[in-house]
Amino acid sequence: MQQDDFEELPADELKQICVTRGLSPDGTRKALLERLRQDVSFALELLSASAEGSTDGYRSLTEALEAATASDGGVLKEIMADLKAKAQEEPKWVDVTIPSIEMEPFKFTVGGAPSVTADVLRKLAGDPFGDEPKYGTAYDFFGGGEEGHDACVALFSLTAIGSIDTMIANFLTSLQRLVDHDSRVHGSINLNTETGRLSSRRPNLQNQPALEKDKYQIRKAFQASTKNNLIVADYGQLELRLLASMTNCVSMIEAFEAGGVFDSRTSLGVFDYIQKKVADGECLLE
């Protein structure tokens, strides 16, 4: 993703991209944009520094044209002068008419154009593949029935393609690009974070797909070398468990012994409407 592409994305997607890049997702939209653009610039600088230099002795196309212009002049000199003049001109705005299906947009980009981000497509599509299909707003627009179903399926497929593209760009391609001569990656661990937790980058080894969501088997790319073992461990709610132990907090210890997510139990004790939903069977604690 290029730097300019970030401008059209909503804040929640910017935060998700920050997480995939090992960056902090905290702060305003302006802070998120600045953080992502700095990261892209940093990556481009590294790629430029590591790119192999040309050793064949040939000049670049631009250098060759400038040399030919200086020696021959004539028509080529006029063409080059015209190109330079056009490159220095101020950009001109033109009116463009884009035909559409006349569906009323409900979200717009900063520039005023209709937004087609993932959250917009999901609202239009709904979930047409569920056991009990739940169609989005596009269903009624296309008249319902088979045509409405097909429209929601098409829009849902667009969101799936976006997820696949993200999976390829964030996981597969990055791993392939950053391997060494032994087909191994060496991520950078950042110890000096704002929250005190570790972060990883190039590649972000802390953000690989969860076991239950790894339908493309990306985690199988990580294998131990000969005569070594790869240990996978997950310390669930480690910080809170340490806090409960250090403070000998009875209520926290009892909550952990009862099982489940501590934050969920905290919400249950604070909010009446959550207590009611649990009591009515509308939601369950993990």
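The values are calculated or read from the model by the stated rules, or taken from the named source; none is laboratory data. No experiment lies behind these values; they were computed from the predicted model shown. Counting neighbours? That spans all protein chains shown, and the Cβs are built from the backbone with ideal geometry, glycine included.
Descriptive notes on the structure:
- Unmet criterion (only one of (1) closer than 21 Å to L9 by Cβ; (2) in a loop (DSSP other than H, G, I, E, B)) for S183: (1)
- Search result, residues across the stretch 83-103 that are of a type in the set (S, T, N, Q) and at pLDDT below 70: T97
- Residues of the stretch 99-122 that are of a type in the set (S, T, N, Q) and surrounded by 12 or more Cβ atoms within 10 Å (Cβ to Cβ): T109, S115, T117.
- Contact annotation: residue pairs with Cβ atoms under 6 Å, 6 or more positions apart or on different chains, pairing a residue in the stretch 162-179 that is farther than 15 Å from F222 by Cβ with a partner that is of a type in the set (V, I, T) and part of a helix (DSSP H, G or I), are N170/T20.
- The residues on offer are D182, D214, and the sole one that is farther than 16 Å from R21 by Cβ and in contact with a Ser or Thr (Cβ under 9 Å, 6 or more places away or on another chain) is D182.
- The set of residues from the stretch 159-206 being of a type outside the set (V, I, T) and closer than 20 Å to G27 by Cβ comprises N190, N192, E194, G196, R197, L198, S199, S200, R201, N204, Q206.
- Reported count of residues in the stretch 201-236, each being farther than 30 Å from D165 by Cβ and at pLDDT 85 or above, is 7.
- Each residue in the stretch 1-14 was checked for being surrounded by 11 or more Cβ atoms within 10 Å (Cβ to Cβ) and at pLDDT below 65, and 2 of them qualify.
- Across the stretch 103-142, the qualifying residues are those that are small (G, A, S) and outside any loop (DSSP other than H, G, I, E, B), and the one among them that is nearest to F6 (Cα to Cα) is A118.
- The stretch 15-30, subset of a type in the set (S, T, N, Q) and not in a loop (DSSP other than H, G, I, E, B), residue modelled with the highest pLDDT: Q16
- Selection count where residues are within 13 Å of N204 (Cβ to Cβ) and in a loop (DSSP other than H, G, I, E, B), scope the stretch 170-180: 1
- Candidate set from the stretch 109-155 (those that are modelled with pLDDT of 90 or more and among the hydroxyl-bearing types (S, T, Y)); member that is farthest from E13 (Cα to Cα): Y139
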